[in-house]
1. Using the Karplus equation 6.51 cos²θ - 1.76 cosθ + 1.60 (θ = phi - 60°), what ³J(HN,Hα) coupling, rounded to whole Hz, does each residue of segment 122-132 give in order, writing x for Gly and Pro?
2. Mind ordering 416-426, 159-169 by average Cβ neighbours within 10 Å, highest first?
3. With +1 on each Lys and Arg Cβ and -1 on each Asp and Glu Cβ, and nothing else charged, work out how big the dipole of segment 378-475 is about its Cα centre, in Debye to the nearest 20.
4. Enumerate the lysines that Lys251 could reach by cross-link, defined here as Cα to Cα under 28 Å, with residues fewer than 8 away along the same chain left out.
5. Residue-wise, which Karplus ³J(HN,Hα) couplings in Hz belong to segment 335-345, taking 6.51 cos²θ - 1.76 cosθ + 1.60, θ = phi - 60°, and x for glycine or proline?
6. In terms of modelled amide H atoms, which long-range or inter-chain residues lie less than 5 Å from the amide H of His288?
7. Compare the peptides 461-469, 118-126 by average per-residue count of other Cβ atoms within 10 angstrom and give them in order, highest first.
8. Given a Förster distance of 60 Å, report the FRET efficiency between Asp148 and Leu448 from their Cβ-Cβ distance, rounded to the nearest 0.05.
Amino acid sequence: MQCHFRLKVVNWEDLDTSASTHPDDVARGSTVSASRAVARPLSELAGRQCGVHPSDWAAIRDTWQQAEAEGLGGNLNARGRRAMGKGAAGGGIMKGGAGTEEGDGEQIYLVQKGGSDGVLAVIPHPGVPPAAMALSAVHRFNLHLASDIRYEFEVFVPPPRFALQDVTLEVRILLGGAAGMEKGGSEGSGGEEEEEEGEEEEEEEEEEEEEEEEEGCLSLDAADLCDQLHRLFHHQVLTVSHTLVMSARGKELAVRVAEANNLSEDERDEAVLYHCYRGMLTNDTQIHLVPDTGIELANWTPKQAATSPGPSKVVNLLSSDDELFPVKKALLRPCLALTKAVQDTGPEPPTVQVGVECLLLDRVLLFLEADFKGEAESFQFDINLTQELREAAACLKLKSLADLCDQRLGLFESRIREYSFAEVAERNASGNCWLLLDGMVLDVTRWLPEHPGGDTIIPTQGLNRDCTVFFELYHSSRESFLYLRHFYMGELKEEDKVKLAEQEDQQPSAEFMQQLWEYTHSFRLHGTTIRNL
């Protein structure tokens, strides 16, 4: 099954707009006369949907259907139906959608592999070249994608509770039109000519702003604007900080997604772990508008600040370096030092200064989230932070984190001992991967598949010998030193260490050995002195 699709980005605006998107024509891969073409020109779809050639669309659809046949898609399909609300089909393939009447066609959702949070609604269109995806200037702006470059995409299946309960949209007049969104995005520099063009563009924008002020505010009806947004972007995935483009009364509007919620206000108030950054616009989604200066909305009621009766459910934690962290009280109950703040019954969130710097406090909060979900024992952190986290846990009187740190430190200390060369060689012969680095015994067996240089170079070049020179040769970044404590099992016996060093033709540099000592002396057995210092 093909999981990823490598597609070249092309511009919707450059394609033939006379081609039909009617499903019967798409099935034949044909272009028809204007009399059979859909009523809406392609330009109306460009700001909302993306296009691929019918053959590519069929392959993408087959990916979904094959996953469904293997038992994965069925479950996802059911989850999608529950998530998307009234009238929305589940799974990766949707009927209708933006710019189309119900039943006009199908669209599939794609996301860039390892890329933006944005989700693209894709339709088949014969005007799009094979192995390409047609994107509008708006899409390219939101996803930071360049034309004529190939990117990898994968099918996106909406998860549970993906329909938006409400969304807040900031509305402003788009000066220069949708094409102006890409200004400044090109690479390279054209010298003085480009600078002059930039100055001219700024002057033109200033003139447009002055004209706008002279003309007065653009008056719009909020209810009509919301209806138009529902019609244009129905079943589209809206992502926070992304921009939509639409027209109203002869003006192009930039509509920025400021906030998105897939839980109701009451559910958000009760939820301890909640973060929503995207969701699907459905008929049931409530739209809140925030007009910019220059836009006047009739029939508009500003969004009211959320208020909940009774005591506040949040505590504001102020780190030692004055960073503010609003945290739900339910998450902080294990922190006995914060008991008074957690039990505070006032309507305003209490603020507590804690003696923990912001980066460390952030890790403590990640642990509290894991603890709340019952995953504290599997919570992972850099072993080099163990002592600092232990001190933070003591400051907050967070026993579960203190116990975890003690356990990790205890496991680390209990496994540390001296090994003979024969023991290390025996471990390697049994399928493990134990390395010798300046006398340190390192077990990298479980980490080997993650090695950036591949999983074969270490077993073929580094086993049963002192690999210090290799380590210096292949690791110009000293970031690699940070992992050594994770792998450290102990020290090679002194007599074997001397023999091993004598067998090596080359020696590591004194500078490298000094840095190695600085990173490792704190945890090495017996305060080992590194050679060549």
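1. 10, 10, x, 8, x, x, 8, x, x, 6, 9
2. Values: 416-426: 15.4, 159-169: 19.5.
The most tightly packed comes first, giving 159-169, 416-426.
3. Details: 9 positive and 15 negative charges, 61 e Å.
Computed charge dipole of segment 378-475: roughly 300 debye.
4. List returned: Lys183, Lys303.
5. 8, 5, 5, 9, 4, 4, 5, 5, 8, 4, 9
6. Val167, Thr168, Leu169
7. On the way: 461-469: 18.3, 118-126: 24.2.
Per-residue mean Cβ counts within 10 Å order the peptides as 118-126, 461-469.
8. Working: r = 39 Å, r/R0 = 0.65.
Step by step, r from the Cβ atoms, then E = 0.95.
The values are calculated or read from the model by the stated rules, or taken from the named source; none is laboratory data. Treat the numbers as computed from the prediction; the structure is a model and nothing was measured. Positions of Cβ are backbone-derived with ideal geometry, glycine not excepted, and every protein chain shown enters the neighbour counts. These accessible areas exclude ligands, DNA and RNA; they are computed on the full protein's heavy atoms, side chains included. Shrake-Rupley method; radii C 1.70, N 1.55, O 1.52, S 1.80 Å.
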